Structures are given as C-alpha cells and as structure tokens.
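To keep things clear, I will list the structure first and then write my remarks on it.
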Amino acid sequence: MGNALVARLFDSVRRAGVGLRFETALREIIRQGDDIVGAVLSSPSGEVAIRVRKGVVLATGGIGWSRDLRERLFPDAARRLSLAPPSNTGDGILAAERIDAVIERDLESPALWMPSSVMTQADGHVSVFPHIMLDRAKPGLLAVDKSGRRFVNEADSYHDFVAAMLATSTTPAFLICDRSFIVDFGLGLVHPGTRNLRGFLEAGYLVEGETIEALARKIDVDAEQLAQTIARYNGFAATGLDEDFGRGSSELNRFNGGPRGKPNPCLRRIGSGPYYAVAVWPSDLASSAGLRTDSCGRVLSRDGKRLSGLYAVGTDASSIFRGTYPGPGTMIGPAIVFGWCAAMDAAGTLRRFLDPPR
C-alpha cells in the first residue's frame, strides 16, 4: 500500500547523508524581491531560519487537517474526517499563499475520497476505518441512504462511492448485511468470522436488528422502503444482473467480489436475520486541490509568474489528474516524478534531460 516504497526512499535519503529534522514544522517562506531565499522552521528547540542556495521544495502533505483549507475547499459533508496524520495541517500551502502563490480550484474534486466508519474504543481512542475493498464489493452487502434506497454501485472505487454520497447528500450511508456476511467477509472493524459482536454493538459501531424492520428503526431509515430495496437486490442476486447500478459489470468489481459468487461474484442473496448495519462517512485520503505549478513543479503566483526558487510536489501541488482518480498510485506516482523534476531544475540540470537528442 505504498509503505514499502516510502521506506525504500527514506533509506536512500539516509544513505545519501541528508540531514533530517523531526518534530519540525514550516512556519514561513522567506522571499526577497522576486526570489525565494529561505524558510523559517519551528522545532522543539525553537525557531530556526534557514537560507537556501537553490530553492525550497514544498512537500508537506497538502490540505490535511487544516481547518481553514477544509472550510474553503471541501464540501460541508466532507470536512469532518481525514485519513491524513494529525501533524499534517496544510503548512506548505498556507505559507505559499502568504507570498502570493495561488491554489488551483478548477478541479473535478478537491480531494480523493474514502468511505470510513468510526468507532470510539473503550480507552477513548477514536478508530477511523477506511472501507477500501474488503467488504463493499463482496456479495451480500448493500449501501442505502436515509430513505432506505440504494444510491451507488457498492463495488466501485472508494472515491466514486463517496462522490455518489456527496452528489446525493447521503451522509451517512449505511452498509447493510446479514450475519452470514460477517462470518464470511467481516464488516469494517469487525473481522471475518468474529463470533462475539458485543463490543461493537455496545460501542454503537455495529447496529443489529432481528428483522429488517427492527434494523431500519434503529438506524432511522424508512422500514418499508428498506425491505423493498433488499427484496429488489435479492432479485438481482438470483439473476446475476444489477439492473439499477450495474454492480459486478466491471473487471474491478468482479476482482474485488467473492471468490465463489455465481453468476455474479458481487451479488448474493441477503438471507434471514439478524441483520446488521454500519454507518460510513465521507473522508479524504489525499487532497487534489493544491498550489498551481508549471510542468517542472515550480510554484506560480496569482498573476501566473513563477516564484523563483519555490517548488511544490506531492499533494502540496494541484493534482495533474484534475481531481479524478484513475487508480492506486495517483498521488505517490506524480510526487516521485515532480520531486525529481524540482530537484533537477533547482540544480540547473533539468534541461539536458528534456532537450531532444541530436
């Protein structure tokens, strides 16, 4: 999931003898005239001003938990939860804005989204579980809104799932299944085969109903409509054809479905009770909105001019995919490419890689 690649890059940095400062935050970018000449950092030992010879590369993780940026750029329903680390607070973007850099806003989406469930543990810790692919695409689960209706192909990508939530004002959505589904596949924080569900039920993470009507009352969903939705879904499971949302019609859907599901690996009848539900909320796994840059990663000002010596890569820069999500690696791939471009440009050697051979 990217961790091994990042660890390998980190090892390369250490082997190259690069100085590393932990628990250190960016506070200010120093500009003199048209040039970026340094930065002010905040560390446990106090503020440190650093003068640079070649430039400053911003790679602080994008919007993250910055309340200011989230309120300005994200829809209301998506501001509550983020999968970014708490230390990611938008420092690079905010510091660049203060010296006339501009955030690119003309994107399909300001972030890449993930449906996440939330559970407060006995010790007070709040667990946020990203529903990537381990349950949504599996046969025997459906997602409904407050009216008890389906609103999305549950087996589509996590980004598309939340995009449908935001487009239909579905917050939260509920993942619905029967007991056999939890035995086979689990549900969010509930691992497959879990027999004792008491802790999840008492925490309010999992909701149980002996009948569909009882479950609907507990999650405040229209009971009659939920029953009709499940009956219609079961009909699709029998034929293998989801006439409403085409679940199981794509290779991605089928790959993440059940290993023995026939005729459709993403569809299975929801059987007898008890029935279960878990609420999922929009969360961001990375931001697409970021600083406007050129093809070399150089940050541009509000009037379109280059801020000499300032670069932005990773999620500090606006996504080259314009707020769409072609697949895993959408953020880390461009981060590596434009990190390299920024370093070569700052060193004055990028041109020889770009010029066509003679």
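Just one of the listed residues (164, 214) is part of a helix (DSSP H, G or I) and over 22 Å from residue 247 (Cβ atoms), and it is 214.
Between 37, 13, 18, the distinction of being in contact with a strand residue (DSSP E or B) (Cβ under 6 Å, 6 or more places away or on another chain) and not assigned by TED's automatic domain parsing to the domain that holds residue 169 belongs to 37 only.
In the stretch 86-97, the residues that are in contact (Cβ under 8 Å) with a residue 24 or more places away in the chain and of a type in the set (A, V, I, L, M, F, W, C) form Cβ pairs under 8 Å with partners that are surrounded by fewer than 22 Cβ atoms within 10 Å (Cβ to Cβ) and assigned to a helix (DSSP H, G or I), at six or more places apart or across chains, as follows: 94/68.
Only one of the numbered conditions (1) surrounded by 11 or more Cβ atoms within 10 Å (Cβ to Cβ); (2) within 17 Å of residue 311 (Cβ to Cβ) is violated by residue 18, and that is (1).
For the structure I just gave you, tell me whether residue 72 is of a type in the set (Lys, Arg) and part of a loop (DSSP other than H, G, I, E, B). Taking the combined requirement at face value, the residue does not satisfy it.
Taking the listed residues 101, 96, 155, the one that is crowded, with 22+ Cβ neighbours inside 10 Å, over 15 Å from residue 283 (Cα atoms), touching a helix residue (DSSP H, G or I) at 6+ places or on another chain (Cβ under 7 Å) and not charged (D, E, K, R) is 155, with no other qualifying. Quick one: is residue 28 free of Cβ contacts under 8 Å to residues at least 24 places away in the same chain and either assigned by TED's automatic domain parsing to the domain that holds residue 339 or of a type in the set (A, V, I, L, M) (or both)? No: the conditions fail for residue 28. Could you check, for the stretch 220-231, whether at least one of its residues is surrounded by 16 or more Cβ atoms within 10 Å (Cβ to Cβ) and assigned to a loop (DSSP other than H, G, I, E, B)? For the stretch 220-231, residues surrounded by 16 or more Cβ atoms within 10 Å (Cβ to Cβ) and assigned to a loop (DSSP other than H, G, I, E, B): present. Under the condition of being among the hydroxyl-bearing types (Ser, Thr, Tyr) and either surrounded by fewer than 16 Cβ atoms within 10 Å (Cβ to Cβ) or outside the structural domain of residue 206 (by TED's automatic domain parsing) (or both), the residues counted in the stretch 238-282 number 4. Return yes or no: is residue 10 of a type in the set (Phe, Trp, Tyr), part of a loop (DSSP other than H, G, I, E, B) and either out of contact with any helix residue (DSSP H, G or I) (no Cβ under 9 Å at 6 or more places or on another chain) or modelled with pLDDT under 95 (or both)? In short, no.
When residue 252 is tested against (1) out of contact with any Asp or Glu (no Cβ under 8 Å at 6 or more places or on another chain); (2) outside any loop (DSSP other than H, G, I, E, B), just one condition goes unmet, and that condition is (1).
Just so you know, in the stretch 117-140 the residues that are in contact (Cβ under 8 Å) with a residue 60 or more places away in the chain and part of a strand (DSSP E or B) include one that is surrounded by the fewest Cβ atoms within 10 Å (Cβ to Cβ), and it is 120. Scanning the stretch 141-161 for residues that are assigned to a loop (DSSP other than H, G, I, E, B) and among the hydroxyl-bearing types (Ser, Thr, Tyr) yields 147, 157.
Going through (1) of a type in the set (A, V, I, L, M, F, W, C); (2) surrounded by fewer than 21 Cβ atoms within 10 Å (Cβ to Cβ); (3) in a loop (DSSP other than H, G, I, E, B) one by one, residue 63 falls short only on (2).
Considering 90, 55, 19, the condition of being within 26 Å of residue 126 (Cβ to Cβ) and among the small types (Gly, Ala, Ser) is satisfied by 90 alone. Here is a check on your reading of the model: is residue 204 loosely packed, with under 14 Cβ neighbours inside 10 Å and modelled with pLDDT under 95? No.
The values are calculated or read from the model by the stated rules, or taken from the named source; none is laboratory data. What you are looking at is a predicted structure, and each value in this text was computed from that prediction instead of being measured. Quick reminder, even Gly has a Cβ in these numbers, built from the backbone with ideal geometry, and neighbours come from all protein chains shown.
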